[in-house]
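Below is one structure, written out as structure tokens; comments come after it.
The values are calculated or read from the model by the stated rules, or taken from the named source; none is laboratory data. Keep in mind it's a predicted model, so treat the numbers as computed, not measured. Cβ placement follows ideal geometry from the backbone for every residue including glycine, while neighbour counts extend to all protein chains displayed.
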Amino acid sequence: MSLPPYEIHALDVGVGAEPLVLLHGLSGSGRWWNRNLVGLSRDRRVLVPDMIGFGDTRCPGPIPSIAELAAILNSWMEHLGVESADVAGHSMGGQIAVHLAAHFPERVRRLVLVDSAGLHPAPTPRTLARFAADILPPVRWGDPTFLPIILRDSLRAGPRSITRSLAHILTENVGPLLQHITAPTLVLWGRRDSFVPLEHAR
């Protein structure tokens, strides 16, 4: 869909009265949700956008902030005629979903946060160093069949999109926005998540 200056690539599958929007995490794409689509689209419409700068959605200018991505997502849903939807976001996608639910509450009927980013205080140099040190070891906990998708999406996004988006993720704490969310919310977390620790959910 054309939403100048962006051409937003998205999957649009299934038919139903209650749309579901799925938002991927940092360096990812809508393909990260592929294994969930068959089950989720049996009785509802499922929309899976590639966020700006990732997947097949190019970014011709500066990388948008998390708040700006939520505003763009709101406009995208409006252009599609989606008045409201259930919204599920993973990692960076969860951070975007929090902004969407807080600033555009009419768009979000129900909210699901999966290992959401942004639920943390502003990082110190020490926490940034710890984050960098933790990037590679958690790969051993991952599904090896999923690794090629992660690598391909990371290479496609490139260092500019990843580093600028990471800077937004680490400096845009969404904690103060939680009190403004009126949608019923489900929080899901991996007990051994090393990228976004379980402590952030508590």
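Annotations for the structure displayed:
- When THR171, THR127 are checked against the criterion of being within 24 Å of SER29 (Cβ to Cβ), surrounded by fewer than 16 Cβ atoms within 10 Å (Cβ to Cβ) and at pLDDT below 80, THR171 stands alone in meeting it.
- Test: GLU68 is at pLDDT 95 or above, within 28 Å of LEU178 (Cα to Cα) and among the acidic types (Asp, Glu): yes
Residue-by-condition table, conditions (1) within 20 Å of ASN74 (Cβ to Cβ); (2) in a loop (DSSP other than H, G, I, E, B); (3) at pLDDT 90 or above; (4) out of contact with any Pro (no Cβ under 9 Å at 6 or more places or on another chain):
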{"position": "VAL21", "(1), (2), (3), (4)": "yes, no, yes, no"}
{"position": "GLY39", "(1), (2), (3), (4)": "no, no, yes, yes"}
{"position": "ARG42", "(1), (2), (3), (4)": "no, yes, yes, yes"}
{"position": "ILE52", "(1), (2), (3), (4)": "yes, yes, yes, no"}
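- Some residue of the stretch 131-147 being within 14 Å of LEU26 (Cβ to Cβ), modelled with pLDDT of 80 or more and not in a strand (DSSP E or B): no
- On inspection, VAL48 fails the criterion of being touching a helix residue (DSSP H, G or I) at 6+ places or on another chain (Cβ under 9 Å), without any contact (Cβ under 8 Å) to a residue 60 or more places away in the chain and more than 26 Å from GLY175 (Cα to Cα).
- Hits in the stretch 174-189 (condition: exposed (fewer than 15 other Cβ atoms within 10 Å of the Cβ), touching a residue at least 24 places away in the same chain (Cβ under 8 Å) and among the polar types (S, T, N, Q)): THR182
- All of (1) touching an Asp or Glu at 6+ places or on another chain (Cβ under 7 Å); (2) under 23 Å from PRO159 (Cα atoms) hold for LEU26 with one exception: (1).
- Enumeration of residues in the stretch 174-202 that are outside any loop (DSSP other than H, G, I, E, B) and at pLDDT 85 or above: GLY175, PRO176, LEU177, LEU178, GLN179, HIS180, THR185, LEU186, VAL187, LEU188
- Residue within the stretch 25-35 that is surrounded by fewer than 21 Cβ atoms within 10 Å (Cβ to Cβ), aromatic (Phe, Trp, Tyr) and farther than 23 Å from GLY190 by Cα present: no
- For the stretch 64-117, a tally of residues being buried (at least 24 other Cβ atoms within 10 Å of the Cβ) and in a loop (DSSP other than H, G, I, E, B) returns 3.
- The condition (being without any contact (Cβ under 8 Å) to a residue 40 or more places away in the chain and on the phi < 0 side of the Ramachandran plot) is satisfied by just one residue among LEU69, LEU113, LEU73: LEU69.
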